[in-house]
Each structure stands twice: as structure tokens, then as C-alpha cells.
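J.: One structure coming up, written as C-alpha cells, with questions to follow.
All of the numbers you see were taken from the coordinates with simple rules; none came from a lab. Quick caveat, the model's predicted, so the values are computed rather than measured. For neighbour counting, all protein chains shown are included, and Cβ atoms are generated from backbone atoms with ideal geometry for every residue, glycine included.
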């Protein structure tokens, strides 16, 4: 393979590399990559370094290059002017950005969901819910095994029984993994699920009572605190020198909907109800200090057979 250096775009601190199999007839099918340096100084170092390898077997496109190193031409004064740093969102980094991969998992199917005043200890996973959790654990482990860096996984979970049980089953596929309960991850009510254009029936009417409105304020405050704690990269839930980390949050449907709205930068009120979140559905969100939050996937259920894809309407 020949490495061809051509088209140095001095004014933009860009240079292009073309990799080809050899022979003039291969040029049209050559792979081409454009690189952009953050500053002019870095650009000069890269270009001169590449040109310095010409004697080592690399070839250059003389028609577009010329033989002089960058910095030796009359327009060096222009090139030497420091270029501004790239704005966030350009996706060009001298080193990989430190990323926190958050994997949100709703708990499995559980019993007594619609029993009024049922205690938390009575709302345990059903047999179906245990099967969902087991398949989810195997799926997440298989996905993590494909990650080249193989960073450790941490698991945080709601302290409600159905989430505790789900997290325990998932953790069984990760060996000695740290598990941390958090009351911040409990289920709650983020407020009105839809806009006024939608009729949500008697349930919404009941929740509109003064008592429910007061509870909503408490829940929203806690949910916002949970978002700031787990999604704000400045909280540094990972080691300072880590390039990336993986954190599984086993929690609840409404909280995941709230997180999605906040990650997208929209007000959860009147919006969160538009997201479907199935039992043991997997939602992925990436957090990085140098770019906006990225929603990678929402409610993945491909790891579950159709017979095990259930929602709140399917509770016992």
C-alpha cells in the first residue's frame, strides 16, 4: 500500500491522505481521509512529519505538494497565525473524548402493579420479569465483551424491590461488579404526560388533585437531582484519567422518560408520556464534557422474544 499525501489546505489547517493499492488505474477507487489540526502549529508539525517520511518509502503527489516543508514558503507569515480552537461539536480531537456511557434499563415485569396500596415488598418480579432480566443481563454482557477497552461496569439501581431484583439478576452476568442502590432512582410522576390537546382520561383527572400536584413537585425535584448527579459530567462519577466508563442504571419507566426529555433539552412536562418504555427495555445515552449529550438508543427490546415484550398495561 502506498500512502499518498496531497492537497495541503494551508488556510484551513487541513491536509488529506489517500491510501491506494498502487497503479494509476487505482486512483479513482482510493480511500481518502481529510484531517484538521486544532492550531497552525499542530498543522505544521503534522505536515512536516509526514513529508519527512518520504525517504522511508512513502510517496507524495508532487504536482499538488511541491517539495518544500510547510513553513519554508513566502506565505509562512499567514500560516503562522494561530488558528482559533475548534468549537464544540466539530468532532475533531487530538485525543479521544472522555465519555460516560449510561445504559438505562427498566425493571422487569412484576406483580400487584394495579393493586391499590400494595406495599413495595408485594410488588416483586413475576416469572416473566425474571426471564426478561436474565436475557437482558446476557445481552448487556455480550455487548460489553465487544468493547475493545473493556472498562469496568458499575451498576446503580433504584431501591424499590422490583428494580433491586432486576439489577441483581443482571449483575450475575458481570461477575464481581459494584452495585449501588440509590433512592434518587425511585419511580415518580413527572407531571402531565401530554399536552392539553390529548385526553388522557380518568387517571389524569385523578392525578390532577391537589395532593398529586404536591407529590409531583417532590418527584420532579428528586428526578432533576438524579439527572444532575448521573448525567452531569462535572460530577465526575468516573476517574479523571479514564477515557470512558460504563454505568448501568436499573430504574423505572417514568424516570427514564424524564431523563430522555432532559437529555434532549425539552421540558418533561407534557412531553414525557410520548416515550414507550417496555420492561427491561434498554436506553443508551452518552455524556461527554466536550460535546452535547447524545441519545444513542431508546427502548431497545431486540434481545427479548416477542412473547416477553411487555409494558405497564400487561401487569398482573
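J.: Just to be sure I understand: of the beta bridges DSSP finds with both ends in the range 99-314, what percent are antiparallel, rounded to 5?
T.: Working: 13 of 31 bridges.
Around 40 percent of the beta bridges assigned by DSSP in the range 99-314 are antiparallel ones.
J.: If we count other beta carbons within 10 Å of each Cβ, what is the order of 140, 255, fewest first? Don't jump to the answer; show the numbers that get you there.
T.: Working: 140 21, 255 27.
Fewest-to-most Cβ neighbours within 10 Å comes out as 140, 255.
J.: Over the Cα atoms of the range 94-158, each weighted equally, I'd like the Debye log10 I(q)/I(0) at q = 0.16, 0.22, 0.24, 0.28 Å⁻¹, rounded to two decimals.
T.: Values, matching the q order: -0.71, -1.02, -1.12, -1.29.
J.: How do 128, 223, 212 rank when sorted from fewest to most other Cβ atoms within 10 Å of their own Cβ?
T.: On the way: 128 19, 223 26, 212 16.
Ranking 128, 223, 212 by Cβ neighbours within 10 Å, fewest first, gives 212, 128, 223.
J.: Okay, moving on. Counting other beta carbons within 10 Å of each Cβ, put 176, 224 in order, fewest first.
T.: 176, 224
J.: Which shape class, rounded, prolate or oblate, goes with the range 99-314 when its Cα gyration tensor gives a ≥ b ≥ c as root eigenvalues, a/c under 1.5 marks rounded, and past that a/b bigger than b/c marks prolate?
T.: On the way: a/c = 1.78, a/b = 1.27, b/c = 1.40.
Oblate shape, in that a/c is at least 1.5 and b/c is the bigger or equal ratio.
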